[in-house]
Protein chains: 2
Amino acid sequence: MLTPKRKGSDYHHGDLKSAAVLAARNLIESGGQQALGIRRVAEKLGVTAPALYRHFTSLDELLYEVSCDVRAELGELMVTRRSEVHPSRDKRKYEIDKFRAIGDAYVDYAQKFPKLFEIAFIQHGEEKVGEYSELAWNILNESVENFVTLGITPKSKRATAPLVAWSAVHGLATLVANQSIASSDVPFFRESVMAGIEDSLLKKN
Amino acid sequence: MLTPKRKGSDYHHGDLKSAAVLAARNLIESGGQQALGIRRVAEKLGVTAPALYRHFTSLDELLYEVSCDVRAELGELMVTRRSEVHPSRDKRKYEIDKFRAIGDAYVDYAQKFPKLFEIAFIQHGEEKVGEYSELAWNILNESVENFVTLGITPKSKRATAPLVAWSAVHGLATLVANQSIASSDVPFFRESVMAGIEDSLLKKN
DNA sequence: AGATAATGTAAACAATGTTAACACCCAAGC
DNA sequence: GCTTGGGTGTTAACATTGTTTACATTATCT
């Protein structure tokens with residue numbers, strides 16, 4: 001079988017593997033990592049447990065694939081939000097607005113799907129979490145590059161600026177996701193951190 | 001029994017509860033969260049599993065107590081490192097050095113005990129992770145307060161500065177702990193972020 | 001159509017968290 | 001003193017889990 005996907009395919013169960021990942025996603029989203037189980041996923045799909053072992057070698061692998069999906073989804077949300085920013089005549093303002101949009105998207109995701117965000121950045125089994133979520137990382141770097149070419153950020157910071165921005169946004173998102181921040185403080189916390197990051201990038205030095 | 005602790009006490013097993021928390025700590029430290037198990041802790045202590053249920057209502061509670069210990073340990077490391085900073089005639093330099101010391105301590109801990117750091121900031125069961133680790137948070141705030149009184153940091157940033165510093169350091173520590181950063185890049189990453197934070201605090205605005 | 005690989009089921013295993021019933025041991029009461 | 005009793009630990013059992021083995025079914029290709 002060289003065509004892994006058929007359209008209305010209805011052989012045994014349809015496309016099980018994807019269905020399993022999605023079911024696992026929903027389980028985690030509503031019950032945390034410990035709500036995930038091979039047998040529970042199987043039951044939710046009307047399938048016996050060993051069937052899943054045709055598509056995943058272990059529970060850890062299933063969890064890992066969910067985490068990959070989540071990181072991808074996170075990146076996609078960032079590009080979507082960035083594309084929704086209204087262009088401005090001021091190129092610098094436009095670029096800054098886009099930067100803010102991708103940061104907000106990152107934190108929004110963590111706030112809306114905290115359990116998913118948590119499992120997305122944890123080592124499961126032996127699988128690596130990947131070079132800090134490549135898509136999201138690339139988007140951020142792109143933004144900072146534009147800052148530099150527009151003269152918003154000094155060239156001297158080209159290498160370090162993405163690192164501090166990434167750390168700050170990721171830290172903020174983490175704290176929001178695990179409810180380290182009282183929910184009433186979240187808006188002010190978010191605004192403060194995002195403003196601080198921009199401020200740090202804008203600095204003339 | 002109103003005296004919960006005796007010295008050479010040797011009733012049944014000695015002080016089991018503490019021993020269990022410590023054994024659990026070691027299990028997590030060397031095998032991740034999934035290496036923790038009631039039965040494994042029991043075996044490691046030469047005790048049967050149900051004995052532990054005299055001290056913990058569930059595995060989740062044991063894990064929670066470990067996480068509390070870890071957060072406390074993290075705070076203690078910060079005060080220790082801060083106290084080891086050599087005083088300087090320049091009060092500002094001294095304060096900045098201390099600030100750097102507590103930040104470095106935070107990240108050092110995450111790098112040395114990544115698994116422990118990970119479980120310290122995750123919701124387990126229903127227990128809250130606590131208002132962002134009170135001890136560490138207080139230490140950071142104290143530092144920023146001193147910055148403000150010494151005129152290093154503008155008063156306008158007194159409320160927001162700790163938030164961005166906390167986010168950035170915590171994000172950096174998280175990324176180091178879960179190996180999102182290739183180990184060869186860690187030193188540069190750390191230096192960049194720490195410098196960026198200080199730079200953001202020092203800014204005159 | 002028949003061979004073959006892909007996909008599913010059924011039954012079993014070892015290990016887990018947890019509980020119930022019983023045994024021990026130390027301290028305090030008459 | 002002996003007994004009572006609460007704190008502590010053990011044994012046995014249960015339900016549930018991840019995983020494997022053997023078998024059944026279905027889809028696809030020649």
| request: Could you tell me whether any residue of the stretch A:83-90 is under 20 Å from the mean Cα position of the chain (by Cα), within 13 Å of chain B (Cβ to nearest Cβ) and on the phi < 0 side of the Ramachandran plot? | output: no
| field | Residues that are surrounded by 15 or more Cβ atoms within 10 Å (Cβ to Cβ), touching a residue at least 40 places away in the same chain (Cβ under 8 Å) and more than 9 Å from every other protein chain (Cβ to nearest Cβ), drawn from the stretch B:150-169 | value | B:Ile152, B:Thr153, B:Pro154
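Would it be correct to say that B:Ala110 is more than 12 Å from the chain's Cα centre (by Cα) and in contact (Cβ under 8 Å) with a residue 24 or more places away in the chain? Spell out how you get there, then give the answer.
Numbers: more than 12 Å from the chain's Cα centre (by Cα): no; in contact (Cβ under 8 Å) with a residue 24 or more places away in the chain: yes.
So B:Ala110 fails the test.
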| request: Can you run down the residue pairs with Cβ atoms below 8 Å, 6 or more apart or on separate chains, where the first is in the stretch B:18-37 and assigned by TED's automatic domain parsing to the domain that holds B:Lys115 and at positive phi and the partner is crowded, with 16+ Cβ neighbours inside 10 Å and part of a helix (DSSP H, G or I)? | output: none
| message | For the stretch A:69-94: of the residues being open to solvent by less than 60 Å² (accessible area, probe 1.4 Å) and outside any helix (DSSP H, G or I), which is modelled with the lowest pLDDT? | response | A:Ser88
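With the structure loaded, tell me whether A:Ser133 is away from every other protein chain (no Cβ under 11 Å), under 19 Å from the mean Cα position of the chain (by Cα) and surrounded by 16 or more Cβ atoms within 10 Å (Cβ to Cβ) or whether it fails that test. Please lay out each step first, then the result.
Details: away from every other protein chain (no Cβ under 11 Å): no; under 19 Å from the mean Cα position of the chain (by Cα): yes; surrounded by 16 or more Cβ atoms within 10 Å (Cβ to Cβ): yes.
Against the criterion (away from every other protein chain (no Cβ under 11 Å), under 19 Å from the mean Cα position of the chain (by Cα) and surrounded by 16 or more Cβ atoms within 10 Å (Cβ to Cβ)), A:Ser133 does not qualify.
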| note | Across (1) away from every other protein chain (no Cβ under 11 Å); (2) open to solvent by 30 Å² or more (accessible area, probe 1.4 Å), A:Val144 clears everything bar (2)
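I need the full set of residues from the stretch B:41-71 which are near DNA strand D (Cβ under 8 Å from one of its atoms) and closer than 21 Å to B:Ala120 by Cα, in order please. I'd like the intermediate steps shown before the answer.
Within the stretch B:41-71, the subset near DNA strand D (Cβ under 8 Å from one of its atoms) is B:42, B:46-55.
Across the stretch B:41-71, the qualifying residue is only B:His55.
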| request: Kindly provide the set of residues from the stretch A:170-195 that are at the interface with chain B (Cβ under 7 Å from one of its Cβ atoms) and surrounded by 24 or more Cβ atoms within 10 Å (Cβ to Cβ), ordered by number. | output: A:His170, A:Gly171, A:Leu172, A:Thr174, A:Leu175, A:Val193
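Return a yes/no flag: does the stretch B:117-130 have any residue that is assigned to a helix (DSSP H, G or I) and surrounded by fewer than 18 Cβ atoms within 10 Å (Cβ to Cβ). It would help to see each step written out before you state the result.
We begin by selecting, within the stretch B:117-130, every residue assigned to a helix (DSSP H, G or I); these are B:117-120.
Those left that are additionally surrounded by fewer than 18 Cβ atoms within 10 Å (Cβ to Cβ): none.
No: the stretch B:117-130 contains no residue that is assigned to a helix (DSSP H, G or I) and surrounded by fewer than 18 Cβ atoms within 10 Å (Cβ to Cβ).
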| query | Where residues in the stretch B:196-205 are assigned to a loop (DSSP other than H, G, I, E, B) and among the charged types (D, E, K, R), which of them is farthest from the other protein chains (Cβ to nearest Cβ)? | reply | B:Lys204
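Matching residues to (1) among the basic types (Lys, Arg); (2) in contact with a helix residue (DSSP H, G or I) (Cβ under 7 Å, 6 or more places away or on another chain); (3) over 15 Å from B:Asp69 (Cα atoms):
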site: B:Glu95; (1), (2), (3): no, yes, yes
site: B:Phe99; (1), (2), (3): no, yes, yes
site: B:Tyr109; (1), (2), (3): no, yes, no
site: B:Lys115; (1), (2), (3): yes, yes, no
site: B:His124; (1), (2), (3): no, yes, no
site: B:Glu134; (1), (2), (3): no, no, no
site: B:Asn141; (1), (2), (3): no, yes, yes
site: B:Ile152; (1), (2), (3): no, yes, yes
site: B:Leu163; (1), (2), (3): no, yes, yes
| request: Please specify each residue of the stretch A:38-66 satisfying the condition of being open to solvent by less than 20 Å² (accessible area, probe 1.4 Å) and more than 12 Å from DNA strand C (Cβ to nearest atom). | output: A:Leu62, A:Leu63, A:Val66
| query | Hey, B:Gly31 hits all of (1) more than 10 Å from DNA strand C (Cβ to nearest atom); (2) more than 14 Å from chain A (Cβ to nearest Cβ) but one; which does it fall short on? | reply | (2)
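The values are calculated or read from the model by the stated rules, or taken from the named source; none is laboratory data. The structure presented is a predicted model; accordingly, all values stated were derived computationally and were not measured. Cβ sites come from the backbone with ideal geometry, for glycine too, and all protein chains shown count toward neighbours. In case anyone asks, the SASA skips ligands and DNA or RNA and just uses the protein heavy atoms, side chains included. Shrake-Rupley method; radii C 1.70, N 1.55, O 1.52, S 1.80 Å.
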